[in-house]
Amino acid sequence: MNPDSPHIIGEFDDAIRFLRREVIAMAEQSRLNLERAVQGLLERDVDRCKAVVADDSDVDEMQQSIDSAGMDILLRFHPVASDLRLVISSMKIAANLERISDHAVNIAKRAKKMLRRPEMPEVKLTEPIYAVADKILCDSVTSYTDRNISLGASLVERDKELDRLHKKMIGTLSSQLEEGGERSEELLHLIFIARSFERVGDLAVNIGEDAVFLGSAQDIRHDKKLAAEVVSEGKADGNEGGDDD
């Protein structure tokens with residue numbers, strides 16, 4: 001069969017569209033899990049915490065579906081250039097999204113344990129760090145869906161604010177933990193929850209870096225100078241999307 005026939009091209013286009021849809025759906029579910037875990041903690045809603053744990057299996061199944069679809073595309077169609085990068089980036093992004101959902105589960109489980117004890121005001125410290133982590137996650141997904149390489153590269157610098165908030169929260173909680181008392185266990189839970197938010201930011205940065213690779217074939221991992229250049233170039237030419245090779 002002619003590999004360039006309209007039939008084969010149509011199958012390839014359908015496979016690519018399916019892959020992108022699955023990644024976007026997985027991103028939405030992972031972000032929802034994180035949101036519900038935080039709501040369960042802040043609103044003392046154990047049912048939301050339980051829903052996060054239950055729905056994590058859906059995220060795992062989505063990752064398996066994406067990996068299977070990606071491998072099928074590689075074996076059947078032998079994509080090149082931007083199409084090949086799309087497959088590779090999508091599979092890597094799915095792995096990061098699965099880990100983000102795992103952190104949502106960790107937060108939900110710790111929140112459930114905290115809800116057995118009286119409410120503590122320090123829980124409110126999670127609100128600003130969650131807001132920053134969620135925004136970075138949201139923008140990382142946008143950088144993938146829109147092939148916005150400048151947005152994806154900008155997350156490297158923006159993650160510093162999340163690191164600052166994480167360090168501040170850990171310092172506050174650690175000082176109280178040193179005082180001892182009956183709340184030590186709850187304070188430890190909050191410290192690990194803060195760590196999960198920091199890790200969500202790191203994983204979202206990974207997604208942004210994969211989006212840059214998808215859109216421009218540039219690898220900005222471990223190269224902050226190159227990441228800054230990508231951001232500057234995107235702002236300068238007003239075209240933050242990638243190539244169409």
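The values are calculated or read from the model by the stated rules, or taken from the named source; none is laboratory data. If you're wondering where the values come from, they're calculated on a predicted model, not measured in any experiment. So basically every Cβ, Gly included, is an ideal-geometry build from the backbone, and we count neighbours across all protein chains shown.
Could you tell me whether Ile8 is part of a helix (DSSP H, G or I), under 30 Å from Val132 (Cβ atoms) and in contact with a helix residue (DSSP H, G or I) (Cβ under 9 Å, 6 or more places away or on another chain)? No; evaluated as a whole, the condition is false for this residue. Are any of the residues in the range 189-203 of a type in the set (Phe, Trp, Tyr), crowded, with 22+ Cβ neighbours inside 10 Å and farther than 13 Å from Val141 by Cα? Checked the range 189-203: at least one residue is of a type in the set (Phe, Trp, Tyr), crowded, with 22+ Cβ neighbours inside 10 Å and farther than 13 Å from Val141 by Cα.
Just one of the numbered conditions (1) over 16 Å from Thr126 (Cα atoms); (2) at pLDDT 95 or above; (3) surrounded by fewer than 20 Cβ atoms within 10 Å (Cβ to Cβ) is not true of Leu226: (2). Taken as a whole, the range 47-56 holds no residue that is within 14 Å of Val23 (Cα to Cα) and part of a helix (DSSP H, G or I). When Asp134 is tested against (1) among the acidic types (Asp, Glu); (2) more than 17 Å from Leu165 (Cβ to Cβ); (3) part of a helix (DSSP H, G or I), exactly one condition is not met: (2). The C-beta contact set for the range 34-57 (first residue over 14 Å from Thr126 (Cβ atoms), second residue modelled with pLDDT of 95 or more and of a type in the set (Ser, Thr, Tyr), distance under 6 angstrom, 6+ apart or interchain) comprises Asp56/Ser101.
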